[in-house]
Amino acid sequence: MAKGISQRFWGKLVHVFVLATFTILLAFPFYWMLITSFKQNLDLYTMENNPFLFNAKPTLDHLNFLFTETRFVRWLGNTAFVGVVVVAITLLLAVPAAYSLARLSGRWGERLGIGIFLTYLVPPTLLFIPLSRVVAYLGLQDSLWALILVYPTFTVPFSIWLLMGFFKSIPKELEDAAMVDGLTRFGAFVKLVIPISVSGILTVVIFTFTLVTQEFVYALTFISSESNQMIGTGIPIFLVRGDVYYWGALMAACLIASLPIAFMYNLFLDRFIAGFTVGAVK
């Protein structure tokens, strides 16, 4: 009896220790960005000061600089706009394509799905030159529509491959029963398959939006004016000037940009994991 209690105690202690360790490690970047955002420059650059604490009074100078001397709010708006449109295009193309390959193409559907996924593995550094020719031909230079045109070329293939596995995990008998009850195949797809596949669809939404916020090569290649910058390029380009790093403004911008993504991941964490692990356990 005493041995069992001791084992449970040490088990809980190890669990709490591991949980606390990972929590501290994951929260530390946010703490570092937060404290740096409000530190005075003298506090930041004095080597004798403790970097983890305020050695001088906090200041709002970095936030004022970020919102008054840069187009940070415009960059956030550009990123949100491109992200929402690319997510919509990705879902519009990937969901029916993945369902068709999973249900209507037999064994060739899987082979074609793998072929589509292989296009996602092509490095962006090999594609941005030919894609720049396409963007120039369409007259979309220095336009957000250039990114809206380009980003689905690598969000759609991965999303199709991911959703194919999700749709294959749904028994065909459910759709057959729905069609026996009077629904068409499209009706069964909309009213039955899509609600069951919410975890996979949310995974695609999170993946696509995160990729848009983090992508650098295409945004740097196709966008040049300050007002049209994305958050991933505007911050390093306009807050790093030569050998001058505006560390406070940099950390404030990174914190503001990363908090919505972190909140979205935390809010849909269970569904996000389910979307990536579908089919792993029967």
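The values are calculated or read from the model by the stated rules, or taken from the named source; none is laboratory data. The shown structure was predicted, so the numbers you read here are calculated from the model rather than taken from an experiment. All Cβ positions, glycine included, derive from the backbone under ideal geometry; neighbour counts span all protein chains shown.
Structural remarks
- Any chance LEU53 is without any contact (Cβ under 8 Å) to a residue 12 or more places away in the chain and either in contact with a helix residue (DSSP H, G or I) (Cβ under 9 Å, 6 or more places away or on another chain) or surrounded by 19 or more Cβ atoms within 10 Å (Cβ to Cβ) (or both): no
- Residues being free of Cβ contacts under 8 Å to residues at least 40 places away in the same chain and in contact with a Ser or Thr (Cβ under 8 Å, 6 or more places away or on another chain) - total across the stretch 155-178: 1
- Scan of the stretch 56-87 for residues that are surrounded by fewer than 17 Cβ atoms within 10 Å (Cβ to Cβ) and either of a type in the set (Phe, Trp, Tyr) or more than 27 Å from the chain's Cα centre (by Cα) (or both), ordered by number: ALA56, LYS57, PRO58, LEU60, ASP61, ASN64, PHE65, PHE67, THR68, GLU69, PHE81
- Some residue of the stretch 163-185 being over 30 Å from TRP108 (Cα atoms) and among the hydroxyl-bearing types (Ser, Thr, Tyr): no
- Test result for VAL135, β-branched (Val, Ile, Thr), under 30 Å from GLY234 (Cα atoms), within 18 Å of the chain's Cα centre (by Cα) and in a helix (DSSP H, G or I): no
- In summary, ILE261 fulfils each of the numbered conditions (1) modelled with pLDDT under 85; (2) more than 13 Å from the chain's Cα centre (by Cα); (3) part of a helix (DSSP H, G or I) with the single exception of condition (2).
- Residues in the stretch 54-90 that are outside any helix (DSSP H, G or I) and aromatic (Phe, Trp, Tyr): PHE54 alone.
- Residue pairs meeting the criteria (Cβ under 6 Å; at least 6 apart or on separate chains; first closer than 15 Å to PHE167 by Cβ, in the stretch 179-192; second of a type in the set (Gly, Ala, Ser)): ALA188/ALA178; LEU192/ALA178
- Of the residues making up the stretch 152-187, those that are over 14 Å from SER100 (Cβ atoms), aliphatic (A, V, I, L, M) and not in a loop (DSSP other than H, G, I, E, B) are LEU162, LEU174, ALA177, ALA178, MET179, VAL180.
- The numbered conditions (1) surrounded by fewer than 18 Cβ atoms within 10 Å (Cβ to Cβ); (2) of a type in the set (A, V, I, L, M, F, W, C); (3) under 20 Å from the mean Cα position of the chain (by Cα) are all true for LEU149 except (1).
- In the stretch 32-48, the residues that are assigned to a helix (DSSP H, G or I) and either at pLDDT below 90 or among the hydrophobic types (A, V, I, L, M, F, W, C) (or both): TRP32, MET33, LEU34, ILE35, ASN41, LEU42, ASP43, LEU44, TYR45
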